[in-house]
Structure formats: structure tokens, C-alpha cells
Amino acid sequence: MSTILRQAARTVLRSRPFSSTAAARKDIVQDLYLKELKAYKPTPATKDAHVGLVKTFSAPIAPQAPTLPSDLASELSAYDASEPTLAEVKAATTLSETDVAGGANAYLDFLEADLPKPEAHHH
């Protein structure tokens, strides 16, 4: 690659065109890039390159349909006859109206209060 650059530098130094516009000069880097790109030959992939990387597909087992019990009527009647179990309900603490009203009034007073004025910073 260095020999190509040397040759390109020699040809540029030997001939200086009268016009030095960008369109008239060749782009050496682009020419080298295209030459190397055209000369690139990727290594061919082998037929067994996927072995060990890809699992073979196996269809999942089909699910079985659910079966109804043979004595469905007796199970339904037993379910209807059973009493539901209730969870114990904890007694919630109740707030008196004065606590709620006082808290609400205090909150409203806080919202209506004037904001403190920011102090001016002296530089």
C-alpha cells in the first residue's frame, strides 16, 4: 500500500495542472478505497457452518383437553350447600370530624399564606 502512495505522490509532484479545481484533481483515497473494495474476496461459508449454533425444531406436545368430573351434579350441590368462609375484618380507626375539619382548615390556611420573599443576593 505504501508503494501505491509513493507512486501517487510522484505523479502529483511531476505534473501540476494549470487549474486546481477539485473536479479536475483525482481523489487518491477514494481510488485506493475502491481498488481495495473491488479486490476483496470474502471467505465462502461452509455448508455446516450453522451446526452447533442453531437448535433443531421440535414441535411442542399438544395439550390435553380438560375432562369434566363424572359426578358433576353432586359436586355442584355440595358447593351450593357449603358456607363461604369470611375473612376477619379489622376495625379501621376512625377520625373524628373535628380532626378532619381542623386538618383541612390548617391545610387551606397553609396554601393561602404568603410566600416568603427571596432575599436579594449581593455580589
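No lab work stands behind these numbers, since they all come straight from the coordinates. Predicted, not measured: the structure shown is a model, and the values here were computed from it. No Cβ is skipped: glycine too gets one built from the backbone with ideal geometry, and neighbour counts run over all protein chains shown.
So here's what we get for this one:
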read-out	value
Backbone HN-Hα couplings from phi across the stretch 72-77 [Karplus 6.51/-1.76/1.60, Hz, Gly and Pro as x]	5, 5, 5, 5, 5, 5
Peptides ranked, highest mean first, by Cβ atoms within 10 Å: ranges 27-35, 114-122	27-35, 114-122
Estimated dipole of the stretch 27-79 in Debye, rounded to 20 [Cβ of Lys and Arg +1, of Asp and Glu -1, Cα centre]	420 debye
Contour minus Cα-Cα distance for residue 86 and residue 41 (0.36 nm per residue)	8.4 nm
